[in-house]
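The values are calculated or read from the model by the stated rules, or taken from the named source; none is laboratory data. Since we're looking at a predicted model, the values are computed, not measured. No Cβ is skipped: glycine too gets one built from the backbone with ideal geometry, and neighbour counts run over all protein chains shown. Quick note on the areas: whole protein, heavy atoms, side chains included, nothing else; ligands and nucleic acids left out. Shrake-Rupley method; radii C 1.70, N 1.55, O 1.52, S 1.80 Å.
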Amino acid sequence: MRKLLIYAEQGFTVAALLIYSGAILTLVLSGGAGQDELVEYDSSLIRVAYFIIYAITLSLLVLRWKKALYILVLNKDIFLYSLLMLAVVSIIWSFEPSTTLKNTFTLIGSSLFGLYFVSRYSLKQQFYLLAWTFGIVIVLSFIFALALPKYGIQSDLGKPLWRGVFTHKNGLGGRMVTSSIVFFLLGYQSQRRSWLFWGGFSFSIVLLLLAGSTSSLFNLLIIILAFFAFQIWRWPYPVMIPTLIMMATISQSLYLWLSNNASVVFTSVGKDATLTGRTDLWPLVIDMIWKHPWLGYGYGGFWQGWDGESAYIWLNAGWTPNHPHNGYLALCLDLGLLGLGLFFLGFWRSYLQGFILMRSSNSALDIWPLMHMTYIFLASLTESNLLESNSLTWILYVAACFSVRMRHERKIKS
């Protein structure tokens, strides 16, 4: 009976991770509509699914309330807690209080799942559950694209590109970056069944290429290179320090070259210098940020179409974006410079703790928090899901922050 309950809980966790990844539900309910298509569809099933996840998550946390409370107290992440609290109280100055109320409820609910994930499962168990989740995503993405092309393939400037079980090719690309990292670390770490993990890594790369998401492919390349760079921090100091200085010099030279040859680089990968219109959009977004720089427009209070402050963006941009295609600008719109500052303070605190943890460990899995946070830092340059509720990216960030602090404290005590 006990084993049955354990399997049931693991099944719930995988199902929740699938839903939080944005896979399947929205695509099917919208009838295969694209992310940017204004299609009316009944989203009540999605809301019910999330509500069930919140209820079960809260129940499971209550059942293990001592461990959950221990992690919350031990973490002492005043910046993360303050950021979440700022989102909640932003209803006071929000330009759309009803949206802010709804979004903060879902943000707290999904953040609690991040707490549950790290309090219930060890790091190794988390990886296996993520591997199951992405394995299902990979298999279904191939099925949708090959057997149900109406759902699994989108047309981008007349060119068919895969989106799998997501509403947009960039959704598939972003998730396959995380999938690649998970399978790469498992394959690198494991001696048994490593072929299975390397297979998952290979199929993730294939889907990433079929999605044609250049930014995701570029991010993955940097993260894989970062993995080997992070390993240098485990070397003895007399070898580590000169190596890091040499790498910093090479990186600076490469940055200067890219700065002077940006148009050539973008053209070579089939992109324009405006990053598909993003750089034309960002000055308009910055104009609106400076109208309410410190506290923003409330969490989710800005993008209300023609009826909200986003009307200025729509009128001047010549198209109708629903987010700024930049996570840092999105956070500034929602919670102002105060919110952005709180995020970066918490981010760098956890990042530094991740380095300390990694240096005192020989496990490849302990590099995961650094790799995921590096991915968030890079992806937020062109995507807006930095502080997005019901997002797998945010949930794994919360879990990573709790994890590095918890393991850091254990190292100190031992």
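General observations
- Top-ranked residue of region 163-176 - restricted to ones that are within 18 Å of His325 (Cα to Cα) and touching a Phe, Trp or Tyr at 6+ places or on another chain (Cβ under 8 Å), ranked as surrounded by the fewest Cβ atoms within 10 Å (Cβ to Cβ): Lys169
- Single unsatisfied condition, Arg234 versus (1) open to solvent by less than 10 Å² (accessible area, probe 1.4 Å); (2) in contact (Cβ under 8 Å) with a residue 24 or more places away in the chain: (1)
- Every residue from region 163-186 that is part of a loop (DSSP other than H, G, I, E, B) and in contact with a helix residue (DSSP H, G or I) (Cβ under 8 Å, 6 or more places away or on another chain): Arg163, Gly164, Val165, Phe166, Thr167
- Some residue of region 102-111 being open to solvent by 30 Å² or more (accessible area, probe 1.4 Å) and more than 30 Å from Glu309 (Cα to Cα): no
- For region 78-94, taking the residues that are aromatic (Phe, Trp, Tyr) and either closer than 30 Å to Leu129 by Cα or modelled with pLDDT under 95 (or both), the one that is most open to solvent (accessible area, probe 1.4 Å) is identified as Tyr81.
- Scanning region 44-59 for residues that are open to solvent by less than 80 Å² (accessible area, probe 1.4 Å), modelled with pLDDT under 95 and farther than 14 Å from Asn390 by Cα yields a single hit, Ser44.
- Scope region 190-220; condition crowded, with 18+ Cβ neighbours inside 10 Å and closer than 25 Å to Ser361 by Cα; matching residues: Phe197, Phe201, Leu220
- Any hit, region 60-75, residues being closer than 18 Å to Tyr397 by Cβ, open to solvent by 30 Å² or more (accessible area, probe 1.4 Å) and without any contact (Cβ under 8 Å) to a residue 60 or more places away in the chain: yes
Rundown of residues vs (1) modelled with pLDDT under 85; (2) of a type in the set (Ser, Thr, Tyr); (3) over 25 Å from the mean Cα position of the chain (by Cα), yes/no style:
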position: Val269; (1), (2), (3): yes, no, no
position: Leu275; (1), (2), (3): yes, no, no
position: Asp287; (1), (2), (3): no, no, yes
position: Ala317; (1), (2), (3): no, no, yes
position: Thr320; (1), (2), (3): no, yes, no
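- Given (1) farther than 29 Å from Gly336 by Cα; (2) loosely packed, with under 15 Cβ neighbours inside 10 Å, index of the condition Ile24 fails: (2)
- Condition met for Gly346 (closer than 30 Å to Lys291 by Cα and crowded, with 22+ Cβ neighbours inside 10 Å): no
- Complete set of residues in region 352-383 that are open to solvent by 30 Å² or more (accessible area, probe 1.4 Å) and over 12 Å from Arg234 (Cα atoms): Leu352, Phe377, Leu381, Glu383
- When region 365-402 is filtered for residues that are modelled with pLDDT of 90 or more and small (Gly, Ala, Ser), the ones remaining, listed by number, are Ala379, Ser380, Ser389, Ser391, Ala399, Ala400.
- Residue list for region 124-162, restricted to those being in a strand (DSSP E or B) and either open to solvent by 70 Å² or more (accessible area, probe 1.4 Å) or of a type in the set (Gly, Ala, Ser) (or both): Ser155, Lys159, Pro160
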